[in-house]
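Visitor: Pasting a structure below so you can have a look.
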Amino acid sequence: MRKLSLKMIISLGLFMSVIFISFPYNVFAMDEKVEIEKVEAFGNTVTITLNSKFDKFDFSDIVLKAYSSDWYSLDPQINQNLNVINKSMEINDENKTVLKYEVLEDIENNRIVTKPKEEKFDSIMEQIKIADNYVSWQMDNGGWDKAYGELHKMRKWNGIEPKNIHSGWKTPEGEPIGTIDNSATYSHIIEIAKVYQRTKNPIYKKSVENGLDFLFKLQYPSGGFSQVYPPRGNYSDYVTFNDNAMINALRMIEDVSKKNYPFNGDLISDEYAEKAKTSVSKGIDFILKSQIVSKGVLSAWCAQHDPTTYEPKGGRAYELPSISGSESVVILKFLIDREQTPEIKKAVDAAIKWFKENSVENTEYDKKPQDRISFKPKAGSRVWYRFYDLETNEPIFSDRDGIPKRNIDEIGDERRFGYTWAGKWPEKLINIMDSVGYYRNLVVAEVIGNNSKTQNGGRLEIGTIKSAEK
């Protein structure tokens, strides 16, 4: 191999120097990745830290937005623009650009504080008619019976027929029993409250207060809600997550506690608002304490729980004590749709993990299959069982005899094809948690332009979205 002389080495060095000087500086900075490093939102200020230094920055390159949907829609949309009233830029101690935005919106915990929109009626006379019908069916205990076919909406109580005409539920003394089953009571209260806001009729206000008193009586000291009041003497007396009864009642009571529409104005006194606040707090406490421990770790919830011991309980004969693949999803949505305290986040993370570990992969469920095969192979599809064994996480199927089976083929046709034994209930929730996270009203920064550039020529990538928590 030929050795390089000192003269040749010097000549080569000078040659490389010329090449280095001849090319634009940013050619050697092509690996620089310019991006949003962090977004922080609090008070009326949003701060964006970039990972690079900009001598100047075009603020039109970034727009501030927030998710507008709630967790119950499971449809996060970044379509609510924040109103920016002032902007400034500075360089921090790490030689990085920091953008500061002053906005009109109030922000707490990286989320904008939103006010519920008031509903507009097309016909006030029609709404008054429905409210009057509802009030007429209200029981002395403040609750309502479940009304199939919307009887309560269609006509007034005639003064003779029993107010529990549909369920027939009554105490041994003959007193009709009110319920939150089939959306009863809390849905009545909401509609009556809406009409009160337009009429200020004191009859409607009294009806709402009586309804709230009923719900407070329905709640056990532990925080769980029975399905009925007075007690019926069967599974209806358990704390009832089934058909989302307790969660839907809690959501309404939470609106009362915050005096959100339709419970704004002079409808709800401070006393009732405080009672409602306590009710929600106790309800959350029950949910956290009743989360089932399976195989030594937190899992999800049963459709019914004991109000004192928190233990999972059965419902109808074929609804055995178990971990629910259905009701647990609505409980999760309720927990996610609030401030993530360490206790709530622990419960949510554990339940999400449990759902991921107990899905039935590459499988599709057919409730009424012509070929009588309920579970079929399907690549990429996954389902969850309605009921899981408390100890083994194996599926549970049952006839009206209440005997648990591991295979759906072991139960008769009446229950096999007349009940939903599996579904995709948590799938969308899991996908959103993995991709977006806790998105309720979460502030995000979206890159919509790349006019700004660093000294090395680096630019932000259009379409990049960075949330205040990721």
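The values are calculated or read from the model by the stated rules, or taken from the named source; none is laboratory data. Note that the structure is predicted; figures quoted are calculated from it, not measured. Note: ideal-geometry Cβ built from the backbone for every residue, glycine included; neighbour counts use all protein chains shown. These accessible areas exclude ligands, DNA and RNA; they are computed on the full protein's heavy atoms, side chains included. Shrake-Rupley method; radii C 1.70, N 1.55, O 1.52, S 1.80 Å.
Visitor: Which is within 23 Å of Val195 (Cα to Cα), modelled with pLDDT of 90 or more, β-branched (Val, Ile, Thr) and crowded, with 18+ Cβ neighbours inside 10 Å, of Val103, Val135?
Guide: On inspection, the qualifying residue turns out to be Val135.
Visitor: In segment 358-391, which residues are open to solvent by 20 Å² or more (accessible area, probe 1.4 Å) and free of Cβ contacts under 8 Å to residues at least 12 places away in the same chain?
Guide: Within segment 358-391, Asp366, Gln370, Asp371, Arg372, Ile373 meet the criteria.
Visitor: How many residues are open to solvent by 70 Å² or more (accessible area, probe 1.4 Å), in a helix (DSSP H, G or I) and closer than 22 Å to Arg386 by Cα if we restrict to segment 269-325?
Guide: Qualifying residue count for the region: 1.
Visitor: Would you confirm, using the coordinates I've provided, whether Val436 is open to solvent by 10 Å² or more (accessible area, probe 1.4 Å) and aliphatic (A, V, I, L, M)?
Guide: Here the answer is yes, as Val436 does meet what is asked.
Visitor: Kindly indicate the residue of segment 361-413 that is touching a Gly at 6+ places or on another chain (Cβ under 9 Å) and among the hydroxyl-bearing types (Ser, Thr, Tyr) and also farthest from Pro312 (Cα to Cα) among those meeting that condition.
Guide: Tyr365
Visitor: Could you say whether any residue in segment 357-372 is in contact with a helix residue (DSSP H, G or I) (Cβ under 8 Å, 6 or more places away or on another chain) and over 17 Å from Val329 (Cβ atoms)?
Guide: The answer is no; no qualifying residue exists.
Visitor: On the basis of being under 29 Å from the mean Cα position of the chain (by Cα) and closer than 25 Å to Lys313 by Cα, does Arg416 make the cut?
Guide: The answer is no for Arg416.
Visitor: Count, please, the residues in segment 449-469 that happen to be loosely packed, with under 14 Cβ neighbours inside 10 Å and either in a helix (DSSP H, G or I) or not acidic (Asp, Glu) (or both).
Guide: 4
Visitor: Every residue in segment 60-88 that is under 19 Å from Lys453 (Cβ atoms), of a type outside the set (Lys, Arg) and surrounded by fewer than 16 Cβ atoms within 10 Å (Cβ to Cβ), please.
Guide: Passing the criteria: only Ser60.
Visitor: Something else about it: Criterion first (under 25 Å from the mean Cα position of the chain (by Cα) and closer than 18 Å to Trp137 by Cα) does Asp181 satisfy it?
Guide: yes
Visitor: Pairs please, first residue from segment 105-124 and within 20 Å of Asn44 (Cα to Cα) and of a type in the set (Val, Ile, Thr), second anywhere and at pLDDT 65 or above and open to solvent by 100 Å² or more (accessible area, probe 1.4 Å), Cβ atoms under 9 Å, 6+ apart in sequence or on different chains.
Guide: Listed pairs, sorted by first residue: Ile107/Phe42.
Visitor: Something else now. From the list Tyr238, Tyr220, Tyr272, Tyr229, pick out the single residue that is in contact with a His (Cβ under 8 Å, 6 or more places away or on another chain) and at pLDDT 95 or above.
Guide: Checking each option against the conditions leaves just Tyr238.
Visitor: On to the next question. Would you kindly identify the strands (runs of 3 or more DSSP E) lying entirely within segment 31-109 that contain at least 3 residues that are under 24 Å from Ser435 (Cβ atoms)?
Guide: Per the criteria, 36-50, 62-67, 78-81.
One line per residue, one yes/no per condition, for (1) in contact with a strand residue (DSSP E or B) (Cβ under 7 Å, 6 or more places away or on another chain); (2) farther than 25 Å from Asn407 by Cα; (3) assigned to a loop (DSSP other than H, G, I, E, B); (4) modelled with pLDDT under 95:
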site: Arg338; (1), (2), (3), (4): no, yes, yes, yes
site: Trp354; (1), (2), (3), (4): no, no, no, no
site: Thr363; (1), (2), (3), (4): yes, no, no, no
site: Ala379; (1), (2), (3), (4): yes, no, no, no
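Visitor: So is Ser299 touching a residue at least 24 places away in the same chain (Cβ under 8 Å), small (Gly, Ala, Ser) and at negative phi or not?
Guide: Considered against the rule, which asks whether it is touching a residue at least 24 places away in the same chain (Cβ under 8 Å), small (Gly, Ala, Ser) and at negative phi, Ser299 comes out as yes.
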